[in-house]
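Here the structure is laid out as structure tokens; the discussion comes afterwards.
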Amino acid sequence: MASEELTTTGYIKHHLQNLTFGQHPNGSWGFAHNAQEAREMGFWAIHVDTMLWSVVLGVLFIWLFSKAARRATADTPSGFLNFVEWVVEFIDDNVRGSFSGRNDLIAPLALTLFVWILLMNCMDLVPVDWIPWTTQMIMHHIFGVDPHHVYMKVVPTTDVNATFGMSLGVFVLTIYYSLKIKGPVGFASELTMQPFSATNPVLKILFIPVNLFLEGIGLLSKPISLSLRLFGNLFAGEMIFILIALLFSGGLFWGLMGGVLQLGWAIFHILIVLLQAFIFMTLTVVYLEMAHSEH
């Protein structure tokens, strides 16, 4: 995809553009050919590449773990089965350490979030040009599409729509269990009777809007921080890979330098890939623990 027709700026923008499907201003439906058309499609446009890779990696997760479950045995596990059991035990230990309530949903949810996000993050370790270039060639030779109008972002977590969608799901569960465990009155009291409290009835009433404002900000900031933390780290990592890839077009010396830098950043990025999946999973468990706890 690093075509000679693309400038450095164009190359970077091309990698950061999603394959977007939606309604054009003239009423027709189709794919956006550039960033301007994608913006004109508005809120209801779909990032096809984000949806595609999210679903593919989700199905891969289900297939791998269901395959391991079918092969489970009382004997000493080996190979892939041993790895899956280790992952399940690791998540189970973390949930037991962070969640004190009784809810059969929490551990499976934590496992799903950790492995699914990890798989999406790991797409960042695939060389930035391989899949987009292959997609361009297929679309060009089979369907006759201009390669410069074919976009393919393969890391779903570099799309804020994907990370915010997952965090909204966690937020909905947090509100649901807060209402279920504490009741509407208890949840409302939690938002209005702290952090400031008083025995004087007048002061107690005066503190209600202040407490609601502070607690409301804290409540609403959870999905925002949860989504932006994951998005920001993976987007920055992908951007560095793109910048390193530009070195390969600068001749033999810069190509060798790019190879060294790419290897070094990929090794370091493995830590980020694992850590961000773990942080998202851990914060989800912590938020649900807070929803199950009565003050």
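The values are calculated or read from the model by the stated rules, or taken from the named source; none is laboratory data. Everything numeric in this text was worked out from a predicted model, so none of it was measured. FYI the Cβ positions are ideal-geometry reconstructions off the backbone, even for glycines, and counts take in every protein chain you see.
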### Pick from region 62-101, criterion touching a Leu at 6+ places or on another chain (Cβ under 6 Å) and not β-branched (Val, Ile, Thr), ranking: farthest from Val115 (Cα to Cα)
Arg71
#### Entry: Selection from region 92-122 of residues that are within 30 Å of Lys153 (Cα to Cα) and out of contact with any helix residue (DSSP H, G or I) (no Cβ under 8 Å at 6 or more places or on another chain)
Pro108
## Note on the structure
Scanning region 73-82 for residues that are surrounded by fewer than 13 Cβ atoms within 10 Å (Cβ to Cβ) and hydrophobic (A, V, I, L, M, F, W, C), the one modelled with the highest pLDDT turns out to be Phe80
### Summary
Here the residues within region 243-286 that are of a type in the set (Val, Ile, Thr), crowded, with 17+ Cβ neighbours inside 10 Å and touching a residue at least 40 places away in the same chain (Cβ under 8 Å) are Val273, Thr282, Thr284, Val285
### Task
Take region 170-219 and flag every residue that is without any contact (Cβ under 8 Å) to a residue 12 or more places away in the chain, surrounded by 14 or more Cβ atoms within 10 Å (Cβ to Cβ) and of a type in the set (Gly, Ala, Ser).
Ala188, Ser189
### Message
For the structure I just gave you, tell me whether Glu238 is closer than 30 Å to Asp159 by Cβ and acidic (Asp, Glu).
### Response
yes
### Message
Which condition from (1) at pLDDT 95 or above; (2) among the small types (Gly, Ala, Ser); (3) loosely packed, with under 14 Cβ neighbours inside 10 Å is the one that Gly27 breaks?
### Response
(1)
### Query
Only one of (1) farther than 16 Å from His15 by Cα; (2) surrounded by fewer than 15 Cβ atoms within 10 Å (Cβ to Cβ); (3) of a type outside the set (Val, Ile, Thr); (4) in contact (Cβ under 8 Å) with a residue 12 or more places away in the chain fails for His141. Which number is that?
(4)
### Message
If Leu57 meets every condition in (1) in a loop (DSSP other than H, G, I, E, B); (2) at pLDDT 90 or above apart from one, which number is that one?
### Response
(1)
### Message
Could you tell me how many of the residues in region 163-190 are farther than 14 Å from Met290 by Cβ and either at pLDDT below 95 or not aliphatic (A, V, I, L, M) (or both)?
### Response
10
### Message
With the requirement that a residue be β-branched (Val, Ile, Thr) and at pLDDT below 95, what does region 107-131 give you?
### Response
Val126, Val128, Ile131
### Message
Taking the criterion of being in a helix (DSSP H, G or I) and in contact with a Lys or Arg (Cβ under 9 Å, 6 or more places away or on another chain), would at least one residue in region 106-119 satisfy it?
### Response
yes
### Query
Only one of (1) in a helix (DSSP H, G or I); (2) more than 14 Å from the chain's Cα centre (by Cα); (3) surrounded by fewer than 17 Cβ atoms within 10 Å (Cβ to Cβ); (4) without any contact (Cβ under 8 Å) to a residue 60 or more places away in the chain is not met by Arg102, so which one is it?
(1)
### Message
Test of understanding: among Thr174, Thr199, which residue is among the β-branched types (Val, Ile, Thr) and assigned to a helix (DSSP H, G or I)?
### Response
Thr174
### Query
Being of a type in the set (Ser, Thr, Tyr) and within 18 Å of Thr50 (Cα to Cα), is that true of even one residue in region 178-187?
no
### Task
Return the residue satisfying two criteria in turn: it lies in region 108-131 and is within 20 Å of the chain's Cα centre (by Cα) and more than 18 Å from Gln276 (Cα to Cα), and of such residues it is surrounded by the most Cβ atoms within 10 Å (Cβ to Cβ).
Val128
## Note on the structure
Of the residues in region 191-214, those that are of a type outside the set (A, V, I, L, M) and modelled with pLDDT of 90 or more number 5
